[in-house]
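Heads up: the structure comes next, in structure tokens.
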């Protein structure tokens with residue numbers, strides 16, 4: 001199979017860190033990119049999950065509630081201990 005040269009632009013720090021890590025694995029950047037591309041072609045997809053570093057809707061609601069609790073603690077009941085909380089939450093179950 002004929003080899004072709006391909007140019008890609010990378011952040012210099014990313015390239016340095018990746019090159020150092022790959023060296024520990026006994027390979028160079030070109031080999032790693034080839035492995036990635038072969039796996040992508042074999043699986044017909046990007047071979048790992050790509051996602052945002054953003055919480056889901058439920059977590060976002062909880063974070064907003066926490067912010068409101070910090071801003072307006074008078075609107076929320078507090079407990080001296082976990083036992084006090086559990087006693088109230090589970091009072092009807094006894």
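The values are calculated or read from the model by the stated rules, or taken from the named source; none is laboratory data. Being a predicted model, the structure only gives us computed values, none of them experimental. Because the Cβ atoms are built from the backbone with ideal geometry, glycine has one as well, and the counts that use them run over all protein chains shown.
The table below lists the values:
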{"item": "In the stretch 74-94, the residues that are surrounded by 10 or more Cβ atoms within 10 Å (Cβ to Cβ) and not in a loop (DSSP other than H, G, I, E, B)", "result": "84, 85, 86, 87, 88, 89"}
{"item": "Residues (in a helix (DSSP H, G or I), modelled with pLDDT of 95 or more and either in contact with a helix residue (DSSP H, G or I) (Cβ under 6 Å, 6 or more places away or on another chain) or loosely packed, with under 10 Cβ neighbours inside 10 Å (or both)) located in the stretch 44-69", "result": "none"}
